[in-house]
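Okay, so here's the structure we're looking at.
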Amino acid sequence: MKLFTKKELLERIAKIGSALPEKVTVYMIGGCAMSLRGEKEATKDVDWIVDSAEEMRLMAKTLKVLGFFEAVALPKEYVNLGTAAVLKDMGGFQCDLFLKKVCNALVLSDGMKRRATPYGDFGKLAV
C-alpha cells in the first residue's frame, strides 16, 4: 500500500480543489490531518467529512472526472466506519468521504465545525 507525504497530499488536494465547479467545505480527520500538521510522516488516504448531500455529490463527481473510481468491494473496516464513498485513483490515492457521520457514531456537529481549524483553501475546496 502506497503512503503519501505531506507534499504529495497537498498536490492532490490542490488538484481536486481546482477541478471543483462550486465551493465545498470538507472537515479532515485521520492520518491526512495528522500528516498536514506534521504529526505523521505519511498516510494511505484522505478522510473527509462533508456537511451536505450536495457537497458529497460534488466531491464524488469531481473525483470521478479526475479519474477516480469507486471501490466496489470495500473491506469490512470501511463498512463499519459508515463511509459514504471510497474513491481511488490509478496511483493508489484514496479519498474516503463521510456524510455528517463517521463510524456510525461521530456526528459532525455545529460545535465541532466552530472548533475546527481551517487549514486552507485549494481552489474551490476549503479544508
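Of all residues in the stretch 60-84, those that are β-branched (Val, Ile, Thr) have Cβ atoms under 8 Å from Cβ atoms of residues that are at pLDDT 75 or above and part of a helix (DSSP H, G or I), 6 or more apart or on another chain, in THR62/ILE16; THR62/ALA19; VAL65/ALA19.
Restricting attention to the stretch 80-127 and to residues that are in a strand (DSSP E or B), over 13 Å from TYR27 (Cα atoms) and of a type outside the set (A, V, I, L, M, F, W, C), the residue that is nearest to the chain's Cα centre (by Cα) turns out to be GLN94. Residues in the stretch 1-31 that are assigned to a loop (DSSP other than H, G, I, E, B) and of a type in the set (Lys, Arg): LYS2, LYS23.
Kindly evaluate ASP121 against the criterion of being modelled with pLDDT under 95 and under 22 Å from GLU22 (Cα atoms). Answer is no for this residue. For the stretch 59-72, a tally of residues being assigned to a helix (DSSP H, G or I) and either in contact with a Lys or Arg (Cβ under 7 Å, 6 or more places away or on another chain) or of a type outside the set (Gly, Ala, Ser) (or both) returns 6. Within the stretch 53-85, being of a type in the set (Val, Ile, Thr), over 17 Å from VAL127 (Cβ atoms) and at pLDDT 90 or above holds for one residue alone: VAL65.
With the condition kept exactly as written, say whether any residue in the stretch 16-23 is surrounded by 13 or more Cβ atoms within 10 Å (Cβ to Cβ), under 23 Å from THR117 (Cβ atoms), aliphatic (A, V, I, L, M) and at pLDDT 95 or above. Lay out the reasoning, then the answer.
Taking the stretch 16-23 as the starting set, the residues that turn out to be surrounded by 13 or more Cβ atoms within 10 Å (Cβ to Cβ) are 16-20, 23.
Filter again for under 23 Å from THR117 (Cβ atoms), leaving 16-18, 20, 23.
Still in the running and aliphatic (A, V, I, L, M): 16, 20.
Keeping just the survivors that are at pLDDT 95 or above gives 16, 20.
Checking the stretch 16-23: at least one residue is surrounded by 13 or more Cβ atoms within 10 Å (Cβ to Cβ), under 23 Å from THR117 (Cβ atoms), aliphatic (A, V, I, L, M) and at pLDDT 95 or above.
Residues of the stretch 32-58 that are in contact with a helix residue (DSSP H, G or I) (Cβ under 8 Å, 6 or more places away or on another chain) and either part of a helix (DSSP H, G or I) or surrounded by fewer than 19 Cβ atoms within 10 Å (Cβ to Cβ) (or both): CYS32, SER35, LEU36, GLY38, LYS40, GLU41, ALA42, LYS44, ASP51.
The values are calculated or read from the model by the stated rules, or taken from the named source; none is laboratory data. Because the structure is predicted, anything quoted here is derived from the model rather than measured. Positions of Cβ are backbone-derived with ideal geometry, glycine not excepted, and every protein chain shown enters the neighbour counts.
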